[in-house]
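Taking it in order: structure first as C-alpha cells, then the write-up.
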C-alpha cells in the first residue's frame, strides 16, 4: 500500500511550483522586434537600425553587430548597419532609414503588446507564488493541529485553492493570447525580411549603402 504524502509536504510542493511559475515568467523575454532575423535563409542578414536622436534600436544579430553600429554612429544620427555574408554596409540616407523604420513598425507595435501581456503574466505568477507559500504554511500547521483546528485550516486551504484555480485560468487565457501574438509575430517577421531584403538591394544598387570592407 502506498502512503499518501503528508499534508505539509503537499502544500510545500504547491508553493515551490508556484514560485517556479513566477520565476519563469520573470525570465527575460526574447527580443520581439527582431523576429525577422529568426527566419532561416540561405543568405542570412544581420542588421542594426539606430533611430535618430535616441538610443532606440531594432536589430537582428549579435552584440558585436550592435557595437559595430554604435561605433559607426556620428553623434545621435540615424543609422542602419547591415552584415550580409562577407560584406558589411552602413546606410545614413534619411529616406532609406524612414522606409526601414516603416518595415519594422508593425513588429514593434506587436512586441509592445506581447511585453504588456508578459508583465500581466508575471504579476499573476507573483500572486500564485504568494498563495502557494501561504498554502505551505497552513499545511505545516495542519500537520500538528487538533481535529477542529485541522478542519478550520482545511477550509482556508480550500479557499486558497479556489483562488489558485482562478489565477491559473487567467494565466491560461493570457498564454493563449501570447500564442496568437507569437504566430502573428512570425508572419510579420517573414514579411518584414522579404521587404527588408528588397530595401537593401535597392540601397546597394543605388549606392546609398556604403560598403565597409
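Table for the structure above
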| item | result |
| --- | --- |
| Cα-derived Rg over Rh, computed across segment 45-151 with Rh taken as Kirkwood radius | 1.42 |
| Relative contact order %, segment 90-199, counting alpha carbon pairs below 8 Å whose residues are six or more apart | 49 |
| Gained length - residue 176 relative to residue 123, 0.36 nm times residue gap less alpha-carbon distance | 17.4 nm |
| Equivalent-ellipsoid semi-axes of segment 170-210, from the Cα gyration tensor, Å, largest first | 37, 8, 4 |
| Separation of alpha-carbon centers, segment 187-213 and segment 40-109, rounded to whole Å | 10 |
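Every number in this text was worked out from the coordinates using simple rules, so none of it is lab data. Treat the numbers as computed from the prediction; the structure is a model and nothing was measured.
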